[in-house]
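**Student:** Below is one structure. I have some questions about it.
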Amino acid sequence: VRELVATDPRVRAIVPRLDFNGLISNGDKSLIFVGRGVDPRNEYDVAGFKLSLRDGRRLSPSGSHEVLLGVGLARAMRATPGDRLTLLSQTVDGAINGADVDVVGTYTTGIKEMDDRALIVRLDTAQRILDTAAVSKLVVLLQRTEETFAAQRDLQQILDRSGQRTEIATWSEFAPFYHQVRSLFSGMFTFLGLIIVGVVV
């Protein structure tokens, strides 16, 4: 799939991700987490996605299993860079599996509810925990946002013709919070605009 998508000149980068969830434990306390496995080099260097670090450093491209914690989750676990935690999750076959990870930093998503549950690990760490070589999604970054719908249509046709069973969704479908905030501000500006027009008249 990556090779087929990369042939399109509108594509700037293709980033694999593996989403999963489970329990994080420090030995005395366990909490539910929402995790994401990423390839640090592709995610931050090639694609240029931003990571709002609050403490520590980002994940190493290779080496020991590491984790970045949302600031709220780190606070709840009383974890700081250098601490060691355990992640437990269900494999793709339904068994329980886990891995010990070293905390290397904390970050924020800008949304408190996410910061209280979110964590990021390397893709190989997530795959080891889930006992799989697969990924949840491939994030395709385009050269221009305006080309989103045309690229979606063309890439879907290419993948369908190749026999790949895939589904392409646009960024807009995964951004309900963005649309809610935009609607809120549009309503506010429309209301204030009407008041100003009324005053001028």
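The values are calculated or read from the model by the stated rules, or taken from the named source; none is laboratory data. Quick caveat, the model's predicted, so the values are computed rather than measured. Cβ sites come from the backbone with ideal geometry, for glycine too, and all protein chains shown count toward neighbours. Calculation scope for accessible area: heavy atoms of the full protein, side chains included, ligands and nucleic acids excluded. Shrake-Rupley method; radii C 1.70, N 1.55, O 1.52, S 1.80 Å.
**Student:** Within the range 66-85, can one find any residue that is open to solvent by less than 70 Å² (accessible area, probe 1.4 Å) and at pLDDT below 90?
**Tutor:** Looking through the range 66-85, none of the residues is open to solvent by less than 70 Å² (accessible area, probe 1.4 Å) and at pLDDT below 90.
**Student:** What tally of residues in the range 1-24 results from selecting those that are closer than 27 Å to Gln157 by Cβ and open to solvent by less than 70 Å² (accessible area, probe 1.4 Å)?
**Tutor:** Count: 14.
**Student:** Given the residues Thr106, Thr125, which is the only one that is in a helix (DSSP H, G or I) and not acidic (Asp, Glu)?
**Tutor:** The match here is Thr125.
**Student:** May I pose another question? Considering only residues that are in a loop (DSSP other than H, G, I, E, B) and of a type in the set (S, T, N, Q), look in the range 78-101 and name the one that is nearest to Ser64 (Cα to Cα).
**Tutor:** Thr80
**Student:** Separate question: Mind listing just one residue for me: the one in the range 25-47 that is farther than 19 Å from Thr86 by Cα and in contact (Cβ under 8 Å) with a residue 12 or more places away in the chain and, of those, most open to solvent (accessible area, probe 1.4 Å)?
**Tutor:** Checking each candidate, the answer is Arg41.
**Student:** The conditions are (1) closer than 22 Å to Ala47 by Cβ; (2) in a helix (DSSP H, G or I); (3) not acidic (Asp, Glu), and Val140 fails exactly one of them. Which is it?
**Tutor:** Only one criterion is unmet by Val140, namely (2).
**Student:** Looking at (1) out of contact with any helix residue (DSSP H, G or I) (no Cβ under 9 Å at 6 or more places or on another chain); (2) assigned to a helix (DSSP H, G or I); (3) open to solvent by 70 Å² or more (accessible area, probe 1.4 Å), which one does Glu113 not meet, given that it meets all the others?
**Tutor:** Failing condition for Glu113: (1).
**Student:** Among the residues in the range 92-101, are any charged (D, E, K, R), in contact with a Phe, Trp or Tyr (Cβ under 8 Å, 6 or more places away or on another chain), farther than 18 Å from Ile32 by Cα and in contact (Cβ under 8 Å) with a residue 24 or more places away in the chain?
**Tutor:** No, there is no match, as no residue in the range 92-101 is charged (D, E, K, R), in contact with a Phe, Trp or Tyr (Cβ under 8 Å, 6 or more places away or on another chain), farther than 18 Å from Ile32 by Cα and in contact (Cβ under 8 Å) with a residue 24 or more places away in the chain.
**Student:** So, in the range 164-179, exactly how many residues are without any contact (Cβ under 8 Å) to a residue 40 or more places away in the chain, assigned to a helix (DSSP H, G or I) and surrounded by 10 or more Cβ atoms within 10 Å (Cβ to Cβ)?
**Tutor:** So the count comes out to 5.
**Student:** Just checking, does the range 151-158 include any residue being open to solvent by less than 90 Å² (accessible area, probe 1.4 Å), out of contact with any Leu (no Cβ under 9 Å at 6 or more places or on another chain) and in a loop (DSSP other than H, G, I, E, B)?
**Tutor:** There is no residue in the range 151-158 that is open to solvent by less than 90 Å² (accessible area, probe 1.4 Å), out of contact with any Leu (no Cβ under 9 Å at 6 or more places or on another chain) and in a loop (DSSP other than H, G, I, E, B).
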